[in-house]
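**Q** So that we are looking at the same thing, I have put the structure below in structure tokens.
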Amino acid sequence: MEFGELLKQFLIDLQSVFRTQLKKLDLTLSQIILISSIPIGGIDMTTLSIKIGVDNSTLTRLIDILIKNGIVKKNKNPKDKRSFIVTVTEKGEFLQSKIELEIESFVTRIFQKTSSVDQEELKKNLSSFHWIVSKYNLNN
């Protein structure tokens, strides 16, 4: 299998695992990614849209739903009145923790079927691949 095909299939499988394992949170995968991408202290919407790879209108729709559900809030940026800062509410912080715990839980279940040597090699390779993708994103 070529690298592009392998990567595509991995992303499909990973998305499927995330959707099935996190469905009890009653959030879409896009919402989970968005909530998980907001750091403590908040982030401006332009940076957030770049970080998660969606355009501003898509991000606005996602954020509006999360605001309606009390998960995030949006305030004018005190440094630039034309932009907004998105922060998580207490409910959002709880969801962030719950998402992390759920991910750790299903990753642990998957890794139980793998030797500790293979686990370490996989972590090393994923970390390296993440670094490569991050550098690529910075240069584009």
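**Q** What do you get for Rg/Rh of segment 1-69 when both radii come from the Cα atoms and Rh is the Kirkwood radius? The partial results should precede the final answer.
**A** Values: Rg = 14.1 Å, Rh = 13.6 Å.
The Rg/Rh ratio comes out at 1.04.
**Q** Where nothing but the Cβ of Lys and Arg (+1) and of Asp and Glu (-1) is charged, how large is the charge dipole of the chain around its Cα centre, in debye to the nearest 20?
**A** In total the dipole reaches around 600 debye.
**Q** Would you please give the FRET efficiency between Ile40 and Leu11, computed as 1/(1 + (r/R0)^6) with r the Cβ-Cβ distance and R0 = 25 Å, to the nearest 0.05?
**A** Values: r = 28 Å, r/R0 = 1.13.
Given R0 = 25 Å and the Cβ-Cβ separation, E is 0.35.
**Q** Another one. Report the gain in length on full extension from Ser83 to Gln119: 0.36 nm times residue separation, minus Cα-Cα distance, nm rounded to one decimal.
**A** On the way: separation 36, 0.36 × 36 = 12.96 nm, distance 4.24 nm.
Stretched fully, the Ser83-Gln119 segment lengthens by 8.7 nm.
**Q** Helix-derived [θ] at 222 nm for the chain: sum -39500 (n - 2.57) over DSSP H runs of at least 4, divide by residue count, nearest 500?
**A** -22000 deg cm²/dmol, from helical runs alone.
**Q** What percentage of all Cα-Cα pairs in segment 48-113 are separated by more than 16 Å? Mind dumping the intermediate values first?
**A** Working: 1300 of 2145 pairs.
That fraction is 61 percent.
**Q** Filter the trypsin sites (Lys or Arg not before Pro) in segment 53-132 down to the DSSP loop ones having no more than 16 other Cβ atoms within 10 Å, then list what survives. Mind dumping the intermediate values first?
**A** Values: sites: Arg61, Lys68, Lys73, Lys74, Lys76, Lys79, Lys81, Arg82, Lys91, Lys98, Arg109, Lys113, Lys123, Lys124; in loops: Lys79, Lys113.
For trypsin sites (Lys or Arg not before Pro) across segment 53-132 that sit outside H, G, I, E and B with at most 16 neighbouring Cβ atoms in 10 Å, the list reads Lys79, Lys113.
**Q** Further, regarding this structure: Looking at the chain from every direction and averaging, what is the projected area of its Cα convex hull in nm²?
**A** Over every viewing direction, the Cα hull of the chain projects on average to 10.2 nm².
Coordinate-derived values only; no laboratory data. All values reported here derive from a predicted model rather than from experimental measurement. Every residue, glycine among them, receives a Cβ derived from its backbone with ideal geometry; neighbour counts consider all protein chains shown.
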